[in-house]
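Structure record follows, encoded as structure tokens.
The values are calculated or read from the model by the stated rules, or taken from the named source; none is laboratory data. Computed from a predicted structure; not experimentally measured. Cβ atoms come from the backbone with ideal geometry, glycine included; neighbour counts cover every protein chain shown. In case anyone asks, the SASA skips ligands and DNA or RNA and just uses the protein heavy atoms, side chains included. Shrake-Rupley method; radii C 1.70, N 1.55, O 1.52, S 1.80 Å.
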Amino acid sequence: MSTEIPGQVYLCQVSETISCGACCGLYNIPHLSRPHLESLLQDRTARFRFIPRTEDDLDDFALQELRCLGDDRPYPHFHHCPFLGLIGAHQSRVGCLLHPLIPENKGLDLRGYSYYGAAACRLYFCPVSYRLPARYKLVVQTTAPNWYIYGLLITEHRLLQALFADLENRLGRKITANDFQTGTSAAQHIQPLLELKETWPYRSARSPGPCHYVFEDGEYMRPGTRYPRMLTGTSRFSTILDELDSAFDSERSMRRAEAELESLLASVAAALA
């Protein structure tokens, strides 16, 4: 399988707790947070179990899900698939409820009822598959604490490039997944860095929140960093700040953000030294 996958690393389904549904609009919901999204998926998964697998029933289920979701999505022209749910033995990761491996589907591939259709589900690979080095993908897969953080982060190739390139410059070598084995100091220290995508306190009011648009078709552009009015130049962390949709009302707040990034990156580098 690895020879057929761009970049040699499969990103969608990784383990019992790590998976991604970002290209299916997983995070394109109003009031995004992990508790809200998890509750939505748990409820949807439970109800879908008892839906007859007929064309009319599947269409009605999708329509009802999207109607309940409402139109106030961060990216109005981007879909949210109503057949995203929680899968696996313990329903511990996100996945497609129409997949033939879902027990209630009895081996039938029902993905043709999805918005993108079965062919897209089988053959599409997101931009990060082509743009991010394999070692960076494996680092995220090794260190992500759950599917929510993993999906938010793995499709952010510019942010990951900037963070990991900074670490490699500090170390004078390439980083690999072996650097972050479970239980190591490095695996512990990288967690706050991964969580920046969810918790960044300097996010612009123009930002849709922790979600982002995963495609590169120009439909939705990042707002870019809003720097203080009197500041000349940009930050040494400009790419990271841009990809986190940052905004600063004073140079003091910007320097505080830079200091926080410096502390997080330095702590990971120290753990790897």
Just to be sure I understand, how many residues within segment 115-148 are open to solvent by 30 Å² or more (accessible area, probe 1.4 Å) and either charged (D, E, K, R) or in a loop (DSSP other than H, G, I, E, B) (or both)?
9
For segment 105-127, does any single residue satisfy the condition of being modelled with pLDDT of 95 or more and hydroxyl-bearing (Ser, Thr, Tyr)?
no
Tally, over segment 175-193, of residues that are of a type outside the set (Val, Ile, Thr) and touching a helix residue (DSSP H, G or I) at 6+ places or on another chain (Cβ under 6 Å):
9
Run Asp109 past the list (1) free of Cβ contacts under 8 Å to residues at least 24 places away in the same chain; (2) part of a helix (DSSP H, G or I) and report the number of the one that doesn't hold.
(2)
State whether the residues of segment 17-34 include one that is over 29 Å from Arg131 (Cβ atoms) and open to solvent by 70 Å² or more (accessible area, probe 1.4 Å).
yes
Could you tell me whether Ser253 is outside any loop (DSSP other than H, G, I, E, B), among the polar types (S, T, N, Q) and open to solvent by less than 20 Å² (accessible area, probe 1.4 Å)?
yes
List the residue pairs whose Cβ atoms are under 6 Å apart, where the first residue sits in segment 30-51 and is closer than 22 Å to Glu198 by Cβ, the second is part of a helix (DSSP H, G or I), and the two are 6 or more positions apart or on different chains.
Arg34/Tyr148
Which of the residues spanning segment 149-174 are assigned to a helix (DSSP H, G or I), open to solvent by less than 10 Å² (accessible area, probe 1.4 Å) and in contact with an Asp or Glu (Cβ under 7 Å, 6 or more places away or on another chain)?
Ile149, Leu152, Leu159
When every residue in segment 40-71 that is loosely packed, with under 12 Cβ neighbours inside 10 Å and of a type in the set (A, V, I, L, M, F, W, C) is compared, the one nearest to the chain's Cα centre (by Cα) is Cys68
Just one of (1) open to solvent by 20 Å² or more (accessible area, probe 1.4 Å); (2) modelled with pLDDT of 95 or more trips up Arg229, so point out which.
(2)
With the condition being open to solvent by less than 50 Å² (accessible area, probe 1.4 Å) and within 19 Å of Glu258 (Cα to Cα), I'd like the helices (runs of 4 or more DSSP H) fully within segment 175-225 carrying at least 1 qualifying residues.
191-194, 196-199
Within segment 72-106, restricting to residues that are among the aliphatic types (A, V, I, L, M), touching an Asp or Glu at 6+ places or on another chain (Cβ under 9 Å) and part of a loop (DSSP other than H, G, I, E, B), the one that is most open to solvent (accessible area, probe 1.4 Å) is Ala89
Selected residue (only one of His99, His80, His90 is free of Cβ contacts under 8 Å to residues at least 40 places away in the same chain and within 27 Å of Gln141 (Cβ to Cβ))
His99
